[in-house]
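Please read the structure below before turning to the comments.
The values are calculated or read from the model by the stated rules, or taken from the named source; none is laboratory data. It should be emphasised that the depicted structure is a prediction, and the values quoted were computed from it without experimental measurement. Note that we place each Cβ from the backbone using ideal geometry, even for glycine, and neighbour counts take in every protein chain shown. Remember, those area values only see protein heavy atoms, side chains included, never the ligands or the DNA or RNA. Shrake-Rupley method; radii C 1.70, N 1.55, O 1.52, S 1.80 Å.
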Amino acid sequence: MVERQSGAQARESLRRMIASSELAFAMEAHDGLSAAIAERAGFKALWASGLSISSSLGYRDANEASWSQLVDVVERISDTVDIPVLVDGDSGFGNFNNARLVARKLRQHGASGICLEDTAFPKMNSFIGDRHPLADIPEFCGRLKAVKDQVPDAEFVLVARIEALIAGRGEDEALARAQAYAEAGADAILIHSRKSNAEQIFAFTRAWQNRLPVVIVPTKYYRTPVSAYRAAGISTVIWANHNMRAAISAMRQVCDRILREESTAGIEDEVATLDELFDLLNYQELSAAEEKYLPQTATGVR
Ligand code: SPV
Ligand code: MG
């Protein structure tokens, strides 16, 4: 069996990835299975997306899912893969006390880092509507400091996410927030934009000059080539929701066809085989363990 990466190794590799001058990618996962698929595809890190996790639970991305539901899903993701998991901790589920509790629980359940956004609780997904109240800078800095003080491992990554551009506050405010969050102990800055081009992002990176590594989420400005992010010195790109959206399309298609055709014969060759599923979740290991641990009965049935 392949040696599993320990939690400490995973945290260390996320920290190295974010600090490295080479552009890195984190793929969205919303459960153990999507995490396993992303890892098999070759991704070196995962983004446990709040939007995707809440959607897969049937909740809206507005803090309808509780912090303990998030922790449960992250436990299944971390337990299924070896690669590091950066968790979308939304705004920390409250004040400094909630934020440090969530961070500690996520760390205990295998997360390699947390991203906290500077919005008020309850948050609303950045792409919905125009009401995006921001946290006051000193109060949000308290959340960041409390997480740093509470989670003992130096390698546990703390990403501070700035929603100033989403809230229409402009670049100066985004830069002031980034500076304050760096001073409060953040390891990286996530600057978010919902424009369909990356101009806001590049204006920020030009002014920020990589005082801390920059993480981006190009969901809306998806046409920008990654070579432009390399040229801008960006640390990490998060593909934030594409496993979940791919699952929606595939499930919708298969449901429509089975309903219409009253048969699964037509789609059998188009869906993953059960053997693929068994392989993804390592049923081979269970068979080997049965050989080792399960006594042979008199009937020959284990
Ligand atoms: C998420 O994946 O939940 C994110 C990214 O926070 S976004 O949906 O762009 O806000
Ligand atoms: Mg989110």
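Among the residues of region 153-160, some residue qualifies, meaning at least one is surrounded by fewer than 21 Cβ atoms within 10 Å (Cβ to Cβ) and not hydrophobic (A, V, I, L, M, F, W, C).
Looking only at region 289-302, count every residue that is open to solvent by 80 Å² or more (accessible area, probe 1.4 Å) and small (Gly, Ala, Ser) and tell me the total. Counting residues in region 289-302 that are open to solvent by 80 Å² or more (accessible area, probe 1.4 Å) and small (Gly, Ala, Ser) gives 1.
The set of residues from region 31-68 being over 27 Å from Met17 (Cβ atoms) and open to solvent by 40 Å² or more (accessible area, probe 1.4 Å) comprises Leu57, Gly58, Tyr59, Arg60, Glu64, Ser66, Ser68.
Please work out if Ser21 is small (Gly, Ala, Ser), out of contact with any Cys (no Cβ under 9 Å at 6 or more places or on another chain), modelled with pLDDT under 95 and open to solvent by 40 Å² or more (accessible area, probe 1.4 Å). Yes; evaluated as a whole, the condition is true for this residue. For Ile77, are the conditions met, namely being surrounded by 19 or more Cβ atoms within 10 Å (Cβ to Cβ) and touching a Phe, Trp or Tyr at 6+ places or on another chain (Cβ under 8 Å)? The answer is no for Ile77.
Each row is one residue, and each column tells you yes or no for (1) in a helix (DSSP H, G or I); (2) within 16 Å of ligand 1 (Cβ to nearest atom); (3) open to solvent by 60 Å² or more (accessible area, probe 1.4 Å).
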residue: Tyr221; (1), (2), (3): no, yes, no
residue: Gly233; (1), (2), (3): no, no, no
residue: Ile238; (1), (2), (3): no, yes, no
residue: Met244; (1), (2), (3): yes, yes, no
residue: Met251; (1), (2), (3): yes, no, yes
residue: Ala265; (1), (2), (3): no, no, yes
residue: Phe278; (1), (2), (3): yes, no, yes
residue: Ser287; (1), (2), (3): yes, no, yes
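The single condition among (1) in a helix (DSSP H, G or I); (2) within 16 Å of ligand 2 (Cβ to nearest atom); (3) open to solvent by 50 Å² or more (accessible area, probe 1.4 Å) that Ile128 does not satisfy is (1).
Taken as a whole, the condition of being in a loop (DSSP other than H, G, I, E, B) and in contact (Cβ under 8 Å) with a residue 12 or more places away in the chain does not apply to Pro152. Note on region 185-201: residues that are free of Cβ contacts under 8 Å to residues at least 60 places away in the same chain, out of contact with any helix residue (DSSP H, G or I) (no Cβ under 6 Å at 6 or more places or on another chain) and open to solvent by less than 30 Å² (accessible area, probe 1.4 Å) amount to 2. Exactly one residue among Arg223, Arg211 is more than 16 Å from ligand 2 (Cβ to nearest atom) and either β-branched (Val, Ile, Thr) or more than 22 Å from Phe127 (Cα to Cα) (or both), and that residue is Arg211.
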